[in-house]
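See structure below.
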Amino acid sequence: MPSVRDLRDRIRSLKNTQQITKAMKQVAAAKIRRAEALQKQSRPYADAIGQMLRDLIANVGAIDHPFMKPGRSGAPGAVILMTADKGLAGSFNANLIRVAESMGREDASLVWYAVGIKSRNALRRQPGETLADWPLAQGEMLATARDLAARITDDFVNGLVSSVTLISPKLINMMTQRPETRVLLPIPSDKDDQPSSGAVEFEPSPEFVLGRLLPKYLEFTLYSAMLETNASFYAAQLVAMNNATDNAKKLIDENTVQMNKARQAAITTEILEIVGGAEALAG
């Protein structure tokens with residue numbers, strides 16, 4: 001059984017840990033409000049640009065854009081793994097990395113783009129080359145999305161990669177964030193699967209507008225995924241730090257009970273020794 005001193009040191013350590021987790025929980029709660037606000041502000045634009053893209057695909061006669069054509073035959077597929085920069089968020093990063101590892105086992109020829117420091121570190125252990133990496137939340141996120149979009153556009157158009165797939169989290173609610181896999185390039189061009197909102201006129205022509213819209217669509221899709229990843233991370237961290245704070249309190253209570261029992265046992269032992277000594281002297 002641990003001594004009173006050991007239990008006292010353990011309780012002190014647990015209280016320090018509890019203060020840290022409580023502070024991190026408060027920080028995550030404050031930051032997730034801003035992250036969720038940015039994500040909600042981007043939704044109307046995402047809906048509008050998505051609807052416009054469907055209308056354009058439904059109205060153009062022939063689609064002549066690199067994004068709508070299959071990638072170069074023989075080139076490897078590319079995967080963007082999007083995680084957070086930091087940990088202490090439960091299994092949030094591990095779930096995303098697990099999906100990437102599964103894809104890497106199925107196709108060892110894949111090449112990778114890393115978004116997030118945790119993603120960069122995980123891809124060092126993956127088979128396949130990491131072509132480029134970016135932090136998620138360091139600096140201007142929109143600038144990072146533009147840089148990423150420009151890089152994958154160049155690689156796809158020049159035939160370095162045959163397709164681009166994104167692995168990122170989907171924020172279901174505060175308790176649930178699920179990894180989501182979607183193909184970004186080439187963009188599907190099946191008109192039967194593209195419902196139109198009705199008769200729409202485009203000037204100077206649907207083909208011209210589509211050529212200008214597709215790069216913006218890719219750029220904003222990546223930016224929206226980065227916003228959702230950031231919000232999902234803080235939601236996962238809030239839950240993880242709340243659980244850690246509660247667990248620390250339970251451990252403090254359990255160790256306090258043990259310490260009181262150990263102290264009482266020590267006092268009882270001392271009393272018995274005193275009584276025994278007194279009886280021995282009296283005898």
- Subset of the range 1-39 that is surrounded by 17 or more Cβ atoms within 10 Å (Cβ to Cβ) and among the polar types (S, T, N, Q) - its residue that is nearest to the chain's Cα centre (by Cα): Q39
- Task: Might you let me know whether the range 179-186 holds any residue that is within 30 Å of P76 (Cβ to Cβ), among the β-branched types (V, I, T) and at pLDDT 90 or above?
- Result: yes
- Regarding L88, is this residue within 18 Å of A149 (Cα to Cα), in contact (Cβ under 8 Å) with a residue 40 or more places away in the chain and not in a helix (DSSP H, G or I)? no
- The condition of being of a type in the set (G, A, S), under 19 Å from the mean Cα position of the chain (by Cα) and under 17 Å from E219 (Cα atoms) holds, among S102, S163, S168, S119, only for S168
- Query: If we keep just the residues of the range 42-78 that are part of a helix (DSSP H, G or I) and among the small types (G, A, S), which is modelled with the lowest pLDDT?
  - Reply: A58
- Query: Restricting attention to the range 226-249, which residues are out of contact with any strand residue (DSSP E or B) (no Cβ under 8 Å at 6 or more places or on another chain) and either acidic (D, E) or exposed (fewer than 11 other Cβ atoms within 10 Å of the Cβ) (or both)?
  - Reply: D246
- Message: Please verify whether L81 is in a strand (DSSP E or B), over 13 Å from the mean Cα position of the chain (by Cα) and among the aliphatic types (A, V, I, L, M), treating the condition exactly as stated.
- Response: no
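The values are calculated or read from the model by the stated rules, or taken from the named source; none is laboratory data. A quick note: this is a predicted structure, and the numbers were derived from the prediction, not measured. Don't worry about glycine lacking a Cβ; one is built from the backbone with ideal geometry, like all the others, and counts go over all protein chains shown.
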